[in-house]
1. What's the carbon and sulfur percent of segment B:320-476's accessible surface, probe 1.4 angstrom, rounded to a whole number?
2. How much mean residue ellipticity at 222 nm does chain A get from its helices, if each DSSP H run of length 4 or more adds -39500 (n - 2.57) and you divide by all residues, to the nearest 500 deg cm²/dmol?
3. What is the distance in Å between the Cα centroid of segment A:43-101 and that of segment A:243-298?
4. Order these peptides, B:298-308, A:163-173, B:11-21, by their mean beta-carbon neighbour count within 10 angstrom, highest first.
5. How many Å² of accessible area per residue for chain B, probe 1.4 Å?
6. Mind counting lysine pairs for me in segment A:43-185? Cα separation below 22 Å, and the two need to be 8 or more apart along the chain or on different chains.
7. Around B:Ser397, which amide H atoms from residues at least 5 apart in sequence, or from another chain, sit under 5 Å from its own amide H, with H modelled in the peptide plane?
8. For the protein assembly as shown, just run the numbers: alpha carbon Rg, then divide by 2.2 N^0.38 Å, N being how many residues it has.
Amino acid sequence: MPTTVPAHGNDAAGRLTELADVTASDSALRRFLHGLPGVDAVGLEARAASLGTRSIKTTAKAYAIDLAISMIDLTTLEGADTPGKVRALAAKAVNPDPTDRTTPRTAAVCVYPDMVATAKAALTGTDVKVASVATAFPAGRAALPVKLADTRDAIAAGADEIDMVIDRGAFLAGRYMDVFEEIRAVKAECADKARLKVIFETGELSTYDNIRRASWIGMLAGADFIKTSTGKVAVNATPSNTLLMLEAVRDFRALTGVQVGVKPAGGIRTTKDAVKFLVLVNETVGEDWLDNHWFRFGASSLLNDLLMQRQKLSTGRYSGPDYVTVD
Amino acid sequence: MSFTYAPAPESRSVVDIAPSYGLFIDGEFTEATGGKVFKTVSPSSEEVLSEVAHGSAEDVDRAVKAARKAFEKWSALPGSERAKYLFRIARIIQERSRELAVLETLDNGKPIKETRDADLPLVAAHFFYYAGWADKLDHAGYGANPRPLGVAGQVIPWNFPLLMLAWKIAPALATGNTVVLKPAETTPLSALFFADICRQAGLPKGVVNIVTGDGTTGAALVAHEGVNKVAFTGSTAVGKAIARTVAGSDKKLTLELGGKGANIVFDDAPIDQAVEGIVQGIFFNQGQVCCAGSRLLVQESIQDELLDSLKRRLSTLRLGDPLDKNTDIGAINSAEQLARITELADSGEAEGAERWAPACELPSAGYWFAPTLFTNVTQAHRIAREEIFGPVLSVLSFRTPDEAVAKANNSQYGLSAGIWTEKGSRMLAVASKLRAGVVWANTFNKFDPTSPFGGFKESGFGREGGRHGLEAYLDV
């Protein structure tokens, strides 16, 4: 019989310490990640599809639409972005529907680091956050000091949230520890100044097992949010990969007591889609995550569809694209 | 504020239920001899839906004679002609699927989600599948020109009224037999609607006859000397009685009886999907499924973790109005069935197993039973041995694959089993040792017309579905 037994029980700190062992070495981390329960793709997709058949109507739909609007990271990530475009986006985030002032604000605007100052200035005095994609977004192909400088710049310009991409090359090559260390370094840069969202680019990780492992690396390294994708590849957020990440944050909280947010991004364009994602949240992790502090949509075109559906609910008639602002 | 789903009821105006129904004999609806009737009620509300004729031995005789007469012409038709009728029936079922789904939900109590997304698509698929076989019987592996048996007497249960009808009628007609079918006493309506579909499809008179009634009607059908083939799906006790009746005659017999399926979860299973599979295995159709995974065998090393996940998942199940599109758990089929489930569940507690059910409010009218799981169950408990046929899961544990196989097989039944593991070699090794007609791997309760279904031991004999399902209706 061993004289000491490993710390068990419900105290979160003890459990985090225990988990620290799994990141003590490359091989320990590998063993831990490969020891996570597997994901059966057919079963996962069937579950996501069956939740997609929930029928959301009347008061539930009105609630879901307002909740979805309040969870949006209104995003512009184009090479052609200008200060004018960013200011327009900020105005829309604060006042999404000029015809109806009861419309909730979006959670944040999400821009490239060089636009953070512009966005911050435009949002002064509001509770809308500024998120910035740093760390050589979207490819992440730069040296760590460059990524850290990118992050530092964004925070110095006023970013409240940093959306970082992981090094998919390192992940796919099996260098999990490098991925972990990089996230930890960026998290250290964020410290208590900005919340960190870690983007896996799930479309490039290709398998569900990889997505679950990446989720755990992110959470172990201190991510405040785990995020599906950049929106720049063919396959972005799907109900299945979001369901999988929700299961991961649920399991992580059960083990450590630490709650991590989830952000599906890219490809969510309609109210119907957004509501399906909210059903996933509701039935997988529940109310604790039904709040824009813990769940976000990375989307730009979704907002207008939500606004049109909102107008439909209040007037009983469908409007059209001319009844919402283009940006 | 919380995300509470608003009611989303399916409209019942799509189905028009007549105040009374007769027997369907020789292409016509007729009164029962003696005029006896019985009521069919909606299990979720106890509302009387309709009055249905109670067929007597005389009515059964009329129906068998009609089927006998029709057999001469029907069996002489080229297979391709019979296929035309079956394809037509399949298409009409698809066209009327919403109506039939609502009807089935009203009469049976199961959620509209299941009738709409599982039952009806499978019903149509079975007719399409066997329609495809009708002109290819020479190539089914039973020699050239296999002959039909004659009149098939078929008795079906109340858990999947229309699907069991399809499993019975589609292969019988495809192979050239004619049919007298007795639907369950509590769920006769969809079979009577099917009679109407036969007329709509222009099916020759007497090829399909539906005689409603109770156990005495079924017994008369099984015993009738003009019946060449008996097919029964239902309880093991009734199956044994039928086997005794048929013994010594030259009637062919197939039986699909009870089950106590083992769902085996190894420590390397995909846990989140296994939890879904366990839920699907035992709470699908309120557990009123003969192949339900009602015994959960979980590897001891992951038992606590799995049970935590399972309990959390059960707490999200939505029980209530079966016509609501968001309902996961509907009503129990009858007061009698509810009493049986209640009695068995109580015996579990009395014998020392630990009972758990999520906090959920049961509607005041109708027959309801909360999804329930029992831990600390042993092989010696009644709830581990007897078929409960309700939403009650018994959880047992094991330590090695051999022990899992031994416990899974230690049952008088052998209809279904499930294996959950990420390791392919283990899956195949365990599956080959299980004495069960169907073994699902990393899934549960998946049905397809191309796949044969049937039991070992007291779960019955004969196969339905697939090429194998033809054999029961051919003289081979």
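The values are calculated or read from the model by the stated rules, or taken from the named source; none is laboratory data. Values in this document were obtained by computation on a predicted structure and should not be read as measured data. Cβ atoms come from the backbone with ideal geometry, glycine included; neighbour counts cover every protein chain shown. Each accessible area value is taken on the protein alone, full model and side chains, heavy atoms only, with ligands, DNA and RNA left out. Shrake-Rupley method; radii C 1.70, N 1.55, O 1.52, S 1.80 Å.
1. Values: 3140 of 6270 Å².
The nonpolar share, carbon plus sulfur, comes to 50 percent.
2. Numbers: 14 runs with 158 residues, N = 327.
Calculated from helices alone, the mean residue ellipticity at 222 nm is -14500 deg cm²/dmol.
3. So the two Cα centres are separated by 14 Å.
4. Details: B:298-308: 17.2, A:163-173: 20.9, B:11-21: 13.5.
Result, highest mean first: A:163-173, B:298-308, B:11-21.
5. Details: 17010 Å² over 476 residues.
It amounts to 36 Å² per residue over chain B.
6. Working: A:Lys85/A:Lys120; A:Lys85/A:Lys129; A:Lys92/A:Lys120; A:Lys92/A:Lys129; A:Lys120/A:Lys129; A:Lys120/A:Lys147; A:Lys129/A:Lys147.
The result is 7.
7. Long-range HN contacts for B:Ser397: B:Val298.
8. Working: Rg = 30.3 Å, N = 803, 2.2 N^0.38 = 27.9 Å.
This ratio for the protein assembly as shown stands at 1.08.
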